[in-house]
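Note sheet for the following structure.
Readers should treat all values here as calculations from the given coordinates under stated rules, not as data from a laboratory. Bear in mind that the values here come from a model prediction, so they are computed numbers and not experimental data. No Cβ is skipped: glycine too gets one built from the backbone with ideal geometry, and neighbour counts run over all protein chains shown.
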Amino acid sequence: MEINSNERKKVKNMIEYRIMTIDDYEEAYELWIRCGNGLNNKDDSREGIDKYLKRNPSTSYVAVLDKKVVGVILCGHDGRRGIIQHACVSPDCRRMGIGNKLVDLALDALEKEGINKVLLVAFKKNEGGNAFWEAQGFTLREDLNYRNKALAEMIRIDPDYVK
Ligand SMILES: CC(C)(COP(=O)(O)OP(=O)(O)OC[C@H]1O[C@@H](n2cnc3c(N)ncnc32)[C@H](O)[C@@H]1OP(=O)(O)O)[C@@H](O)C(=O)NCCC(=O)NCCS
């Protein structure tokens with residue numbers, strides 16, 4: 001889908017936002033692959049995302065243009081902290097405020113669930129993504145080391161780059 005700059009305002013007004021359901025999976029997955037969101041064969045399988053959305057049914061959103069998913073944010077919480085993952089907007093639709101709106105919707109949904117703080121991780125090399133999070137008010141914690149431990153064997157399935 002090609003959108004020239006004169007159409008941007010019109011397009012922006014045509015975008016609809018709604019809670020993500022598992023029926024959005026195929027289109028969301030295609031976007032994640034295009035955007036280099038750091039996927040693996042377990043958590044990002046249809047079953048993995050279905051499990052996530054069942055546990056967090058009201059905090060993940062999609063942006064839709066002409067019935068096509070052009071933006072996604074996965075968001076949930078563990079009862080204490082919110083976590084945002086896999087935020088992405090189709091390259092054709094960037095810098096129109098879609099990412100910003102998806103974040104606002106996700107944060108509002110978390111607040112409604114009584115969550116007071118939200119975290120996320122972003123690849124250091126993802127300059128655009130980090131600039132975006134900075135603009136959304138997510139501050140960098142220089143005093144922490146991010147650590148994790150895999151409990152199952154997982155295979156990275158996206159190319160190791162960010163477009
Ligand atoms: C990051 C991403 C979701 C932003 O989506 P978007 O819809 O283009 O973002 P917005 O239009 O809402 O941008 C809001 C503000 O964030 C900042 N911003 C967004 N993208 C930026 C970029 N590439 N470089 C610098 N600042 C950026 C700007 O301040 C922007 O406001 P402005 O356009 O008025 O200057 C999108 O670029 C994307 O999908 N990137 C690839 C995947 C990714 O990096 N995801 C997040 C990392 S976990």
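For the chain, what's the relative contact order in percent, using C-alpha pairs closer than 8 Å and at least 6 residues apart? Once normalised by length, the contact order is 27 percent. Shown here for the range 88-163: chymotrypsin sites (Phe, Trp or Tyr not before Pro) in loop regions (DSSP other than H, G, I, E, B) with at most 10 other Cβ atoms within 10 Å, namely Tyr146, Tyr161.
Which entries of Lys51/Lys112; Lys54/Lys124; Lys9/Lys101; Lys12/Lys68; Lys125/Lys149; Lys67/Lys112 show an alpha-carbon separation above 19 angstrom in the structure shown?
Values: Lys51/Lys112 21 Å; Lys54/Lys124 30 Å; Lys9/Lys101 15 Å; Lys12/Lys68 14 Å; Lys125/Lys149 22 Å; Lys67/Lys112 28 Å.
Checking Cα-Cα distances, Lys51/Lys112; Lys54/Lys124; Lys125/Lys149; Lys67/Lys112 exceed 19 Å.
Based only on other Cβ atoms within 10 Å, what is the fewest-to-most ordering of Ser45, Ser90?
Numbers: Ser45 15, Ser90 21.
Fewest-to-most ranking of Ser45, Ser90: Ser45, Ser90.
Think of it this way: in the chain, Cys75, Cys93 stand alone, with no other Cys Cβ under 4.7 Å.
Taken along the Cα-to-beta-carbon direction at a fixed 7 Å, the label points for Arg95 and Phe138 span 2.1 nm. Loop-located GluC sites (Glu not before Pro) in the range 64-163 (DSSP state other than H, G, I, E, B) with a sparse environment of at most 10 neighbouring Cβ atoms within 10 Å: Glu142, Glu153. Rg and Dmax of the range 5-135, both derived from C-alpha coordinates alone, stand at 14.1, 44 Å.
Using only helices, what value at 222 nm comes out for the chain when you add -39,500 (n - 2.57) per DSSP H run of length 4 or more and divide by the total residues, to the nearest 500 deg cm²/dmol? Show your work: numbers first, answer last.
Values: 5 runs with 52 residues, N = 163.
The per-residue figure over the chain is -9500 deg cm²/dmol.
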